[in-house]
Amino acid sequence: MSKPIVVVSGIPRSGTSLMMQALDAGGIPSLSDGLRSADPDNPRGYYELEPVKKLATPGDRSWLEQAPGHVIKVIHSLVRHLPTEHHYKIIMLHRDLDEVLASQAAMLQRLGKTGGRLDSERLKAIFRKQIEETVGLIQSRPEMDLYQTDYRRVILEPQPVMSEISEFLGGLDVDAMARAVDPSLYRQRR
């Protein structure tokens, strides 16, 4: 059996890029293209792969043949579109939704994109429902294994979290993973 595809998922601004960095440092190479370069919102980079963003549409999936043994970032709403013929180990990041919205707002403001957003309570309700549905879907699919953690816990307790992830994925460099966590980048706190 081939190696699983490691997937980092969550709502945008929930710590997925940080987890990608930690896994890369721990010994699982990331499958990313660098098209979205580092910026003040993610000074260490986004670790994205452009074809992943097109999972919901029909098209070329040949890039998935390179993914076993690697880690890819897949936004929570696209996890359902991962094809069933692969084995996935999914790390789902959760974060306080007020912090997520504050981080998204800061990023949009920096990019000059303001207005036209749903009110925060409505948006939080949508995110809660989407995450609940995604977790349920993952738990119902036999080709998917799930580990869930909270962004705040990753920041405050990196060593035990990375140890749990190493156990989930099978023998990573826990110390290198923990060193990849930079608490100074936790800027939108509640």
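Taking interchain pairs and intrachain pairs at least six residues apart, which have beta carbon atoms under 7 angstrom, with the first residue in region 22-48 and more than 19 Å from I90 (Cβ to Cβ) and the second aromatic (F, W, Y) and modelled with pLDDT under 80?
Note: pairs meeting the criteria are R36/Y46.
Quick one: S14 ticks every box in (1) at pLDDT 85 or above; (2) touching a strand residue (DSSP E or B) at 6+ places or on another chain (Cβ under 6 Å); (3) more than 21 Å from E143 (Cβ to Cβ) except a single one, so which number is it?
Failed condition: (1).
Among all residue pairs at least 6 apart or on different chains, which show Cβ distances below 7 Å where the first residue, located in region 56-68, is closer than 21 Å to M144 by Cβ and the second is of a type in the set (G, A, S)?
P68/S2
The values are calculated or read from the model by the stated rules, or taken from the named source; none is laboratory data. In this text, all values refer to a predicted model and were calculated from it rather than measured experimentally. Here the Cβ is made from the backbone with ideal geometry for all residues, glycine too, and neighbour counts use every protein chain on show.
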